[in-house]
Each structure stands twice: as structure tokens, then as C-alpha cells.
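Trainee: Would you mind keeping the following structure in view while I ask a few things?
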Amino acid sequence: MLMEGKIILRGSIEKVWERLLDAETLVSCIPGAEKIERIDEKTYDCVVKQKVGPISVKFKFKSVLTKTEPPRHLEIAGEGEDIAKAGHFVQKSIVDLRERGGGEVEVSYKSDVNIVGKLAMFGDRIMRAKAKKVEEEFTKALQERLEGIG
Amino acid sequence: MMKDFEYFSPKTVEEVLSLLSEHGGEAKIIAGGQSMLVVMRQGLLSPEYVVDIKGVSALDYMSYDEREGLRIGALTTHRVIEKSALIQEHFRVLSEMERNLATIQTRNWGTIGGNLCHGDPSGDPAPVLIALDAKLRLKSLSGERVVALEAFGKDMLEVDLEPGEILVEIQVPTPRPFTGVAHEKLMAVQGDAGIVGAAVSITLKPGDGVCEDARVVLSNAASVPLRVKEAEKRLIGKVLKEQLLVEAGEVASAVADPPGDIHGTAKYRREMLKVFVRRVGARALERAKGR
């Protein structure tokens, strides 16, 4: 499943970059994030819970920064599973930051997510819809965070 | 694998409501189970308590009178609605919709109320019933309330039901004279969930043929069944021609925010929504003219 999108944030590109890699910012901005810990220079240990109606899944996964070119380009690879064993997933993402002028930064991402197991049967229709919502909430929270720090 | 749960099979609405109030958010209602068992089998849903209401016979009924309209008990099965002579005479579109809903086995056991409460935006009954201006009667220990079906969907698989509240009845008013309603969905095989679907209702003024009222409702076009008032505005107050239906389809497609998946990209769905609004609108118009 290929997902892509673009978010626009106000702030300097360096600040946006810094915040995007900051575990504490991520855990407070990603909806449903219960734990995001940077365990070494490149690796994050994460637990994220998501809910669709009565169904909830809790993903435990590791994300590794496979390529970083501050403050513009980032590649991430992740792998993990649902705690209740409903599915296992691997994902690869590419994130690009670009200054748009007027103090705005465009963050575009492309993410290729492969899910196997029961979650895959459940349908990417629902997961995509959820991903869109998560993106909106994340953008809003991150923006507030960027403004909060000035 | 399914996790263990405690099973209840109450026989009256009162018993259902007190069980729900006793077990709070840990209890889940099952009616026909045609949607819920799937997610339970997949291990995605594991309620502590399952309240099986299939045996509450007081909620399995249909009645019609011209003034009161149609009343359908929440536990009426799809198959009963499909085959009902009453429905075929007064609400043909409901019978047509049911005929394309899943398989006979599912229609034999699945209930209209269960379908609506599951809150899947790809479901067929909701758009047709919204086009018919249906309302829902909800009941809890603290009383009853009636909500418009178009406001019932809150999000993907989420509906406006309070904890401890159940859907008891679907109420459909008698359509005004010169009203035509139609529904179609895009499917690869009959009975598939619609890749997209549209239900359109058109009411004409007697005599001059001007469109007095219209309702355009889409399935699988957003996180809830989507009524598109902007598209309806293109039709209301005008003598309907093919071009206006094309425009309504374009507006509906632009407002929609369809998902993309293995069955079709979001872009493909948008294109198909144009086609289906126009096509279903044309059929509703023919019916409104009495043809």
C-alpha cells in the first residue's frame, strides 16, 4: 500500500527538521502514540495505538533512519507487529522538506506499507482513511508545537 | 482465532437495555452477526460480553400506512425486506437495493439494524434510506430519541449511539406524489460491496415538471454515507435535463473524498461517482415522471 501526502508547516526548515526527529515531539504529536524512544542515533522504539470504531490495534515497531541529509531529506524503514498478533508490517518512507517562502516549509512524504495477516484482510480502505485523519491531527499538533517554541 | 466471551441472549428490549447498562462499554451487541463475526474471527474485536439480540422478536416487524409511513423493526432481515410485497409496492428501491446486497445467506440472517449500526460507509441500506429521508428510533434506559439517519454516521464504523442505547426502529415517511427514487452501485460481481454507489430521490412539482426536491447520497465516498446538498441544489427549482444531472454528478464527485484501495483508486472512484449520480439521477427522474 503506497501512501503519499504533503503537509505545510510554518517555521524555519531547521526547526521543522529538528522537531521531526525529536522523539518527545513525535510522541506528543502522533495521535495514539504511547511510546516513542530514541534508543540510538538512528533507531526509534515505538508503540502506537489506533482505533477505528470498535476495533483497536496496538502496533509495536522499530523505525530506523536509513538516510539523513539535514535539513532536507530523510529515509526511514520500520518493522513491527500488532500486539494482539492481528498483523505484521514493514514500511519504507521517504520524507522531503522544502522551503516555500513566506516562512513556510513543505514536508512531503511517500510511504510504502506492507501489511500481512488479518489486518490486511480488514482492508486498506479503512486503513487509508485512518491514515489521512492521523496525518491531519499530526500536522495540527506539530504546528502548535512549532509555534509554541517560537 | 476468537477470544472467549460471556454470551447473553435476552428476549426482550428491556432485558437488552439492562444488560448493556450493567456491562457498560465491555458489552457488544450482535444481531445477525454478518459484519461483526467477521472482525471477531479476525481477532480485531474481542468484547468481554456479547449480547445477542437476534431473539428479541418484538423488534422483527414491518408496518405501513400512508400517513405514518413505513416502520421497520431493527431486527428485520434483509431478505424479508427484499421479498416483502408491501416494500415492493410502496418502496421498490429498498427491495432493489437488498437484491444486490451480499449473498442470499447473508441476507437471510443479517439485519437492517445491524447493518446501519455497523457504520460502514460502503453499506447499501444507509444511502437509500437517507434518500428516503429515514429516521431512527433509539432507545436506552433513560428514554427514547429519534435521529435523522443522515446524521447517524459519525466516522468510519462509528455511529451516534450512546453507551447503553440501541436502535429499535427505522421510520420512512411516505414519499410525496411525483417522487422517484433509485439506487445503483458499481460492482464486479453481483452482491459485492459497492466500489461506489449512489441513491437519488427526485420530487417533481405536479404539472410543470420542475424539480421541487432532490436528495443525492453516496456510498463509499467518505468515512460516512455522504449526502451531497451541493449536488441537490443544482437540481432543485429546475426542469431537469441530462446536462443538469451531469453537473450534479460533477459536484458530488468534487465534494466526495473516496478511499483508494485494491478495488479502485480514489481518482477512479471520483470518475465513477460522476457516472453513477448521472445514471441513477436519470432513473429517479423517469420514476418521478411515472414511467
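The values are calculated or read from the model by the stated rules, or taken from the named source; none is laboratory data. Since this is a predicted model, take the numbers as computed values, not measurements. Neighbour counts are summed over all protein chains in view; Cβ atoms, including those assigned to glycine, are modelled from backbone coordinates with ideal geometry.
Trainee: Pick out the one residue from B:D133, B:D120 that is touching a residue at least 24 places away in the same chain (Cβ under 8 Å), assigned to a loop (DSSP other than H, G, I, E, B), within 26 Å of B:G24 (Cβ to Cβ) and not assigned by TED's automatic domain parsing to the domain that holds B:L19. Spell out the reasoning first.
Mentor: Numbers: B:D133 fails: within 26 Å of B:G24 (Cβ to Cβ).
Being touching a residue at least 24 places away in the same chain (Cβ under 8 Å), assigned to a loop (DSSP other than H, G, I, E, B), within 26 Å of B:G24 (Cβ to Cβ) and not assigned by TED's automatic domain parsing to the domain that holds B:L19 holds for just one of B:D133, B:D120, which is B:D120.
Trainee: Mind telling me which of the residues A:I55, A:I83, A:I115 ends up being exposed (fewer than 14 other Cβ atoms within 10 Å of the Cβ) and either closer than 26 Å to B:A222 by Cβ or within 14 Å of chain B (Cβ to nearest Cβ) (or both)? Step through it out loud before you land on a result.
Mentor: Values: A:I55 fails: exposed (fewer than 14 other Cβ atoms within 10 Å of the Cβ); A:I115 fails: exposed (fewer than 14 other Cβ atoms within 10 Å of the Cβ).
Answer to the check: A:I83.
Trainee: Considering region A:88-112 alone, what residues qualify as being closer than 28 Å to B:S122 by Cβ, surrounded by 17 or more Cβ atoms within 10 Å (Cβ to Cβ) and either at pLDDT below 85 or aliphatic (A, V, I, L, M) (or both)?
Mentor: Across region A:88-112, there are no qualifying residues.
Conditions (1) in contact (Cβ under 8 Å) with a residue 12 or more places away in the chain; (2) over 30 Å from B:M40 (Cα atoms); (3) assigned to a helix (DSSP H, G or I), marked per residue:
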position: A:E4; (1), (2), (3): yes, yes, no
position: A:I8; (1), (2), (3): yes, yes, no
position: A:K15; (1), (2), (3): yes, yes, yes
position: A:K35; (1), (2), (3): yes, no, no
position: A:V47; (1), (2), (3): yes, no, no
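Trainee: Test of understanding: among B:K267, B:K241, which residue is more than 14 Å from chain A (Cβ to nearest Cβ), on the phi < 0 side of the Ramachandran plot and over 23 Å from the mean Cα position of the chain (by Cα)?
Mentor: Numbers: B:K267 fails: more than 14 Å from chain A (Cβ to nearest Cβ).
Going through B:K267, B:K241 in turn, just one is more than 14 Å from chain A (Cβ to nearest Cβ), on the phi < 0 side of the Ramachandran plot and over 23 Å from the mean Cα position of the chain (by Cα): B:K241.
Trainee: What number of residues within region B:184-219 satisfy the criterion of being part of a loop (DSSP other than H, G, I, E, B) and buried (at least 18 other Cβ atoms within 10 Å of the Cβ)? Write out each step before concluding.
Mentor: Taking region B:184-219 as the starting set, the residues that turn out to be part of a loop (DSSP other than H, G, I, E, B) are B:186-196, B:205-209.
Next, only the ones that are buried (at least 18 other Cβ atoms within 10 Å of the Cβ) stay: B:186, B:193-196.
Residues in region B:184-219 being part of a loop (DSSP other than H, G, I, E, B) and buried (at least 18 other Cβ atoms within 10 Å of the Cβ): 5 in total.
Trainee: From the set of residues in region B:99-128 that are in contact with an Asp or Glu (Cβ under 6 Å, 6 or more places away or on another chain) and over 13 Å from B:Q34 (Cβ atoms), which is surrounded by the most Cβ atoms within 10 Å (Cβ to Cβ)? Talk me through it step by step, then tell me what you get.
Mentor: Here is the first cut: in region B:99-128, the ones in contact with an Asp or Glu (Cβ under 6 Å, 6 or more places away or on another chain) are B:99, B:101, B:119.
Still in the running and over 13 Å from B:Q34 (Cβ atoms): B:99, B:119.
Details: B:R99: 16, B:G119: 25.
My answer is B:G119.
Trainee: B:G290 is checked against (1) part of a helix (DSSP H, G or I); (2) touching a residue at least 12 places away in the same chain (Cβ under 8 Å) and fails just one. What number does that condition carry?
Mentor: Going through (1) part of a helix (DSSP H, G or I); (2) touching a residue at least 12 places away in the same chain (Cβ under 8 Å) one by one, B:G290 breaks only (1).
Trainee: Can you tell me which residue within region B:1-60, out of those that are within 14 Å of chain A (Cβ to nearest Cβ) and of a type in the set (S, T, N, Q), is surrounded by the most Cβ atoms within 10 Å (Cβ to Cβ)?
Mentor: So the residue we want is B:S35.
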